[in-house]
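Some notes on the structure that comes next.
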Ligand SMILES: [Zn+2]
């Protein structure tokens, strides 16, 4: 928590910023009234953010101090039975493979990752944690703004394990398949989503807050609920351009099989029509890649954007 001096510094720099953007034509009185109003709102917003951070800290500490996992070995990546063929390919460092398959030339890859039985054990552990939260009157933080069901794995002990999954599996594949992403992948958001008939059944068209996303189906039994993909887009084209016909395809989930795609590859989860589907999702980020994106001219469309390719073809 910051002390009063820091308060003042933060406030001063905010005020300086706002003042430098005010209209030259305003009277002193107009400026004062405006600044007071803006400052009041800013303080309210800051207090709200701090309160949220305090609540989050308390939540995480409660879990850390009290939750005891049912199967501690699941939290250790070294004990994850990663598919042997996949491991062999990663050692070879080569694109040439029947194990890691690209779906047409879409830049979406699929490969076997984990055995079904292990996925079921993960599903059981997730259920155990959710039940523990219910029993202890703890309100769960849900994965993201769109998924109302599921859990954030990083919150109850999986953070190190998922960092290892990112470093050992996602990163070498990113290096092979997505050359424009600057490595290393150095942070992640790891969560499980749940789709069921009486819960969320689908997820609308969106991009992920990640450089690369790993999506692994964990179970259990379900019909339909495919992923639909509709083109890779840069930030200027993400919501303004329809998918081209050749960009559209569906990915059918299979338990234990992973799907790897760019965060900017637009997708939606189609509704399941029976049962319950759980997926582990790992949003992998690179701070160097994010910095480059921030420094680039925002209107400039990069080569990896589906619209950029279209424009190049037309020229
Ligand atoms: Zn673009």
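Read the figures in this text as sums done on the coordinates, not as results from a lab. The structure presented is a predicted model; accordingly, all values stated were derived computationally and were not measured. Note that each Cβ is placed from the backbone with ideal geometry, even for glycine, and that neighbours are counted across all protein chains shown.
Below is a table of values for the structure above.
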{"item": "Highest-fluctuation residue, 106, 273, 33 considered, GNM on the chain with Cα pairs under 10 Å", "result": "33"}
{"item": "Potential extension, residue 13-residue 61 segment - 0.36 nm per residue separation minus Cα distance", "result": "14.0 nm"}
{"item": "Relative contact order of the chain, pairs being alpha-carbon contacts under 8 Å that are 6 or more residues apart, as %", "result": "19 percent"}
{"item": "Residues 229, 251, sorted so that the one with the fewest Cβ neighbours within 10 Å comes first", "result": "251, 229"}
{"item": "Convex hull projection area averaged over all views, segment 86-142, Cα basis, nm²", "result": "6.3 nm²"}
{"item": "Cβ-Cβ FRET estimate between residue 139 and residue 88, R0 fixed at 51 Å, reported to 0.05", "result": "0.70"}
{"item": "Evaluated over segment 4-59, the Cα radius of gyration and Dmax, each in Å", "result": "14.4, 49"}
{"item": "Point-to-point label distance, residue 168-residue 291, nm (Cα→Cβ direction, 7 Å offset)", "result": "2.9 nm"}
{"item": "Theoretical FRET efficiency, 1/(1+(r/R0)^6), r = Cβ-Cβ of residue 182 and residue 29, R0 35 Å, to 0.05", "result": "0.10"}
{"item": "Rh (Kirkwood; distinct C-alpha pairs) - the chain, Å", "result": "22.2 Å"}
